[in-house]
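Down below is the structure, laid out as structure tokens.
The values are calculated or read from the model by the stated rules, or taken from the named source; none is laboratory data. Model, not experiment: these values are computed from the prediction. Virtual Cβ from ideal backbone geometry, glycine too; neighbours counted across all protein chains shown.
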Amino acid sequence: MHFEGIHHVTCITGDAPGNVDFYTRVLGLRLVKKTVNQDDPTVYHLFYADERGSAGADMTFFEYPGARRGRAGAGMVHTVVWRVASEEALDFWERRLADENVSTSREAGRLRFVDPEGIGIELAVVETDDEPLVAESPDIPREHALQGFDGVRAFAADPERSARLLQDALGFDAQGGGTYEVRGDTRGGFYAYDPAPADRGVGGAGTVHHVAFASTMEEHEAWRERAREHGLSPTPVIDRFYFRSIYFREPSGVLFEIATIGPGFATDEPQETLGERLSLPPDFEHLRERIEPVLTPIRNPREDWARTR
């Protein structure tokens, strides 16, 4: 068994309106699902992805309004790497981010910056046969758009503690230098370690909560059994309605999720209008009148775009 690359990356924000603006208007992703944290339905769970809401291009956020700023440390993902098509695409993003007063650093094939709350983001020119996962945006040419995840980078104090598990249990392919390829039949990416900073990590706004790897529905239970056989403590399979999930911490401390490809975000709303209303899984629908008034009002820039087309 092999994972089909990264399924999604889930982060924390203290500012849902600003978060929506940055990831949709500035970065050109589509808000494909506006729902709630199923473990705490008083707060948003926002999903940004390509036009179809595909696994492999799905950056998600829990909103805790006014949450203190966090800091990545050992056992935490610190950078999310997205693919782009060319150096010309990096030229475009360098100019666009400068116009938004976002500082960047550039080297051959790579452009680095942080989001408004401090999450590290890297755009990388990647040659691959993987399908480009692209969202439509009125002022971002398709040839320059983000094309889905290439990988994530995490801090680890002793990455060798994780090596056997990643390779023997999870099927990661060691590439050297603390980097592993995660590739299935249709898609792949990487997972990598960097030396941990001296300061302890602190969860909060601007930090990554967990990284999820993509499993077929048929193999999902087998992944849970494999994790258990290798001494981990995976959760039971949790039905998130849009996908099914298993969670555990790998030995370096990073929280992993194994999430299924499907049923998908169009399960409860049409593909054409994904993310335009608050979607609640059936087990939460009876709480709508209590939930909606306490959620932060947000405006999807795509609503204005749709009216001007």
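Of note:
- Segment 45-59, subset part of a strand (DSSP E or B) and surrounded by 23 or more Cβ atoms within 10 Å (Cβ to Cβ), residue nearest to the chain's Cα centre (by Cα): M59
- Considering R106, R95, the condition of being out of contact with any strand residue (DSSP E or B) (no Cβ under 8 Å at 6 or more places or on another chain), without any contact (Cβ under 8 Å) to a residue 24 or more places away in the chain and not polar (S, T, N, Q) is satisfied by R95 alone.
Yes or no, residue by residue, for (1) part of a helix (DSSP H, G or I); (2) surrounded by 13 or more Cβ atoms within 10 Å (Cβ to Cβ):
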position: S252; (1), (2): no, yes
position: F256; (1), (2): no, yes
position: A266; (1), (2): yes, yes
position: G275; (1), (2): no, yes
position: L280; (1), (2): no, yes
position: D283; (1), (2): yes, no
position: R290; (1), (2): yes, no
position: R299; (1), (2): no, no
position: E303; (1), (2): yes, no
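- Between V114, V126, V152, the distinction of being farther than 21 Å from G70 by Cα and among the β-branched types (V, I, T) belongs to V126 only.
- Considering segment 111-154, and only residues there that are part of a strand (DSSP E or B) and either in contact with a helix residue (DSSP H, G or I) (Cβ under 7 Å, 6 or more places away or on another chain) or at pLDDT below 95 (or both), the residue that is farthest from F61 (Cα to Cα) turns out to be V125.
- Inter-residue pairs, beta-carbon under 6 Å, first in contact (Cβ under 8 Å) with a residue 24 or more places away in the chain and in segment 124-145, second assigned to a helix (DSSP H, G or I) and crowded, with 21+ Cβ neighbours inside 10 Å, 6+ apart: H144/A89
- Considering the conditions (1) over 17 Å from the mean Cα position of the chain (by Cα); (2) at pLDDT 95 or above, G177 is excluded by exactly one of them, (2).
- Exclusive hit being in contact (Cβ under 8 Å) with a residue 40 or more places away in the chain and either more than 20 Å from the chain's Cα centre (by Cα) or farther than 27 Å from D21 by Cα (or both), set P251, P263, P270: P251
- Among the residues examined, V36 does not qualify as surrounded by fewer than 20 Cβ atoms within 10 Å (Cβ to Cβ) and on the phi < 0 side of the Ramachandran plot.
Results for (1) under 30 Å from D15 (Cβ atoms); (2) in contact (Cβ under 8 Å) with a residue 12 or more places away in the chain; (3) in contact with a strand residue (DSSP E or B) (Cβ under 8 Å, 6 or more places away or on another chain); (4) surrounded by 18 or more Cβ atoms within 10 Å (Cβ to Cβ), shown as yes or no for each residue.
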| site | (1), (2), (3), (4) |
| --- | --- |
| R187 | no, yes, yes, yes |
| D194 | yes, yes, yes, no |
| G201 | yes, yes, yes, yes |
| G206 | yes, yes, yes, yes |
| F213 | yes, yes, yes, yes |
| E221 | no, yes, no, no |
| R226 | no, yes, no, yes |
| E229 | no, yes, no, no |
| T235 | yes, yes, yes, no |
